[in-house]
1. Looking at Asp129, is it closer than 30 Å to Lys83 by Cα, modelled with pLDDT of 70 or more and under 29 Å from the mean Cα position of the chain (by Cα)?
2. Can you say whether Asn72 is at pLDDT below 90 and either under 26 Å from the mean Cα position of the chain (by Cα) or surrounded by 10 or more Cβ atoms within 10 Å (Cβ to Cβ) (or both), as far as the supplied structure shows?
3. From the list Ser100, Ser61, pick out the single residue that is on the phi > 0 side of the Ramachandran plot and of a type in the set (Ser, Thr, Tyr).
4. Across region 75-92, which residue is farthest from Val52 (Cα to Cα) among those that are modelled with pLDDT of 90 or more and of a type outside the set (S, T, N, Q)?
5. Being assigned to a strand (DSSP E or B), assigned by TED's automatic domain parsing to the domain that holds Ile117 and in contact with a Gly (Cβ under 9 Å, 6 or more places away or on another chain) is the requirement here; does Val84 meet it?
6. What do you reckon, is Ile138 within 30 Å of Lys69 (Cα to Cα), of a type in the set (Val, Ile, Thr) and at pLDDT 80 or above?
7. Restrict the check to region 28-45 and report whether at least one residue is under 16 Å from the mean Cα position of the chain (by Cα), loosely packed, with under 12 Cβ neighbours inside 10 Å and modelled with pLDDT of 90 or more.
Amino acid sequence: MLFGKTKLELKVGIFVFTGLVILGTFILLIGDFKAWASGRRINFLFDFINGVKVGAPVRFSGVDVGQVKEINFIFNPQENKTKVQITGWIRREVKVPIDSTVWINTLGLLGEKYVEIIPGKDYAHLVTDQPITGEEPIATHEIAKLAKNIASDIDESIVKIKNKEGTIGKLLYDDAIYNDLEALVADLRQHPWKLFRKAKEKPVTKQ
């Protein structure tokens, strides 16, 4: 009798647990459906998205209006190359002009990547089903390469200055130029009227 009661309680527990799981899943699906129903999809095309992930924010004029829902690869036969298509969800009341600018931005220096939309001016033509081609973000290795080139140019300039090359190097290390400048300054202090002296015009020779 005791064994039968325990078996019945086990069945009831499994039934209740299964019902709770189904109810929770149903609530989540309904919530997601309502969220999608109150907004609309918008697609962006990029060659490089610099680490944007599903769930990243989509901003319009700096305001959060949605999020990234899907990221897929799309082959473009006209350009014969593969592009990355970001499918975002945005609030239905947000109107995106077709001449809007889109790029990948970062929250802070090393923060989360997100999609930024800067609205254009052509509100007579809005984005509907056609994707917007985004501006390519600068990759981290490109920034590092640029910084390396700048540092290399600075190093070369410092070496030239130390070797008394170039205008700055001669000014700093060539005593003759320094003495000439010192003499010129001393002369102008004694005869400041020379600063206002007009150069004599050369006589015009008749042919």
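1. Here the answer is yes, as Asp129 does meet what is asked.
2. Here the answer is no, as Asn72 does not meet what is asked.
3. Ser61
4. Here the residue is Arg91.
5. On the way: assigned to a strand (DSSP E or B): yes; assigned by TED's automatic domain parsing to the domain that holds Ile117: yes; in contact with a Gly (Cβ under 9 Å, 6 or more places away or on another chain): no.
Answer is no for this residue.
6. Numbers: within 30 Å of Lys69 (Cα to Cα): yes; of a type in the set (Val, Ile, Thr): yes; at pLDDT 80 or above: no.
Answer is no for this residue.
7. Checking region 28-45: not a single residue is under 16 Å from the mean Cα position of the chain (by Cα), loosely packed, with under 12 Cβ neighbours inside 10 Å and modelled with pLDDT of 90 or more.
The values are calculated or read from the model by the stated rules, or taken from the named source; none is laboratory data. Here the structure is a predicted model, which is why all the values come from computation and not from measurement. Here Cβ is always computed from backbone atoms with ideal geometry, including for glycine, and neighbour counts include all displayed protein chains.
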